[in-house]
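J.: Just passing along the structure, written as structure tokens.
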Amino acid sequence: METIRILGIETSCDETAAAVVENGRVILSSAVASQIDLHAQYGGVFPEVASRQHIRSIYPIINAALRDAHISLQEVDGIAVTRGPGLPGSLVVGINAAKGLSLGSGLPLLGINHLEGHLYSAWLHNQGADLPTEPQFPLLALIVSGGHTELVLMDAHHSYRRLGATLDDAAGEAFDKVARLLGLAYPGGPAIQRAAADGDPQAQKLPRAWLPGTWNFSFSGLKTAVLRLVRELEANGEELPVADVAASFQEAVVDVLAQKMFAAAEEFGAKELLVAGGVSANKALRERILTEAKLPVHIPHISLCTDNAAMIAGAGCFRFSSGRRDALDMDAMPNWPLSELE
Ligand code: KG4
Ligand code: ZN
């Protein structure tokens, strides 16, 4: 098989990242400059600050990715960049850098959907590590990130049938908002996971929105229930049991995500399961799905769950192989559903 190496660039939110991936599976390098410390003071991503920081970091990060992979730009086969969905001012920084490199080198440009990137992170592994088994279709995928919560049926590469999505907050967004209510640091997901480690998941009865008859999700009622609980305790002058609330909230989210995913897999005859996106780094979610699933499960290595460019380069390899090329006047697509991909 011919070797394909793709340089990936990701700037859709608050991580400036570049990576080199071979044949969609082997990570030759993956460099990420996180802006978490910069945004923590605002309790969330500040779009203007994010795009300015991307401009500062983008070229050093691309150089680091090429250097770490011991490869020159002339030795890669194409340049893949996140085209959307994401923050418009952040996306354009990566896209413009990729266009400049493509124009200068003559290498083909590939605009990648960020959610497709998250899915393809499950195909990746680090150089030297054992090659995980390749996901098999039909595949039932759960994408849980800061901006999306979607159940997707994949019959083949690049074929996405969206079964359901969140009607309000994304799962990661719910973690971030509830963390703020509990006085925990940004980003909320890891903070809740840490706090929950000392808590009792049965301590608080919190609601689960099952939305029967649909494959959709809703987390705003759960968030409001936590808000009400916090206010009630405050009004009574009682101390907030942060660990118990964090554990009970996490359990409620994990319950709904895992059970709806299993039910959808059965209903649609999926052969395997895939979980991806920032929230798939969550220990409780990983454990629940890995222990209770009746089908083989693919979850990316923890280091590949949150935003990175290896997933964009990986998806880029598969797109490159299928003949995809984009023109140099390619625009950012801040809202770009998976279902619109061809
Ligand atoms: O995929 P991602 O890095 O960015 C988006 O595409 O949105 O996901 C970020 C989200 C944040 O909401 C963050 O709180 C959540 O993923 N997250 C977690 C964990 N690590 C990151 N949520 C729960 N548990 C975690 N360990
Ligand atoms: Zn993401």
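J.: Looking at (1) without any contact (Cβ under 8 Å) to a residue 60 or more places away in the chain; (2) part of a strand (DSSP E or B); (3) surrounded by 24 or more Cβ atoms within 10 Å (Cβ to Cβ), which is the one condition that is false for Ala33?
T.: (3)
J.: Considering only segment 159-202, how many residues are over 13 Å from Ala243 (Cβ atoms), out of contact with any Ser or Thr (no Cβ under 9 Å at 6 or more places or on another chain) and in a loop (DSSP other than H, G, I, E, B)?
T.: The qualifying residues number 3.
J.: Working carefully through the options Val178, Val152, Val144, find the one that is farther than 25 Å from Leu38 by Cα, out of contact with any Asp or Glu (no Cβ under 7 Å at 6 or more places or on another chain), modelled with pLDDT of 95 or more and of a type outside the set (Phe, Trp, Tyr).
T.: Val152 is the lone residue from the list that is farther than 25 Å from Leu38 by Cα, out of contact with any Asp or Glu (no Cβ under 7 Å at 6 or more places or on another chain), modelled with pLDDT of 95 or more and of a type outside the set (Phe, Trp, Tyr).
J.: Then there's this: Looking only at residues in segment 257-284 that are closer than 18 Å to Gly146 by Cα, among the hydrophobic types (A, V, I, L, M, F, W, C) and crowded, with 20+ Cβ neighbours inside 10 Å, which one is farthest from ligand 2 (Cβ to nearest atom)?
T.: Among residues in segment 257-284 that are closer than 18 Å to Gly146 by Cα, among the hydrophobic types (A, V, I, L, M, F, W, C) and crowded, with 20+ Cβ neighbours inside 10 Å, the one farthest from ligand 2 (Cβ to nearest atom) is Ala258.
J.: Now, a different point. Based on what the data block shows, is Ala156 part of a loop (DSSP other than H, G, I, E, B) and free of Cβ contacts under 8 Å to residues at least 40 places away in the same chain?
T.: In short, yes.
J.: If you don't mind, there's one more thing I want to ask. What residue, of Asn308, Asn335, is buried (at least 21 other Cβ atoms within 10 Å of the Cβ), within 16 Å of ligand 2 (Cβ to nearest atom) and part of a loop (DSSP other than H, G, I, E, B)?
T.: Sole residue among the options that is buried (at least 21 other Cβ atoms within 10 Å of the Cβ), within 16 Å of ligand 2 (Cβ to nearest atom) and part of a loop (DSSP other than H, G, I, E, B): Asn308.
J.: Kindly establish whether Leu163 is in contact with a Phe, Trp or Tyr (Cβ under 8 Å, 6 or more places away or on another chain), more than 29 Å from Ala185 (Cα to Cα), aliphatic (A, V, I, L, M) and touching a residue at least 60 places away in the same chain (Cβ under 8 Å).
T.: Criteria met by Leu163.
J.: Let me ask something else about it. Can you tell me which residue is nearest to ligand 1 (Cβ to nearest atom) among those in segment 292-342 that are touching a strand residue (DSSP E or B) at 6+ places or on another chain (Cβ under 7 Å) and aromatic (Phe, Trp, Tyr)?
T.: Only one residue fits best here, namely Trp336.
One line per residue, one yes/no per condition, for (1) closer than 16 Å to Phe320 by Cα; (2) touching a residue at least 24 places away in the same chain (Cβ under 8 Å); (3) surrounded by fewer than 16 Cβ atoms within 10 Å (Cβ to Cβ):
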| position | (1), (2), (3) |
| --- | --- |
| Pro60 | no, yes, yes |
| Ala64 | no, yes, no |
| Gly78 | yes, yes, no |
| Ala98 | yes, yes, no |
| Gly104 | no, no, yes |
| Ala122 | no, yes, no |
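The values are calculated or read from the model by the stated rules, or taken from the named source; none is laboratory data. Given the structure is predicted, the values throughout are model-derived calculations rather than measurements. Positions of Cβ are generated from backbone atoms using ideal geometry, with glycine treated the same way; all protein chains shown enter the neighbour counts.
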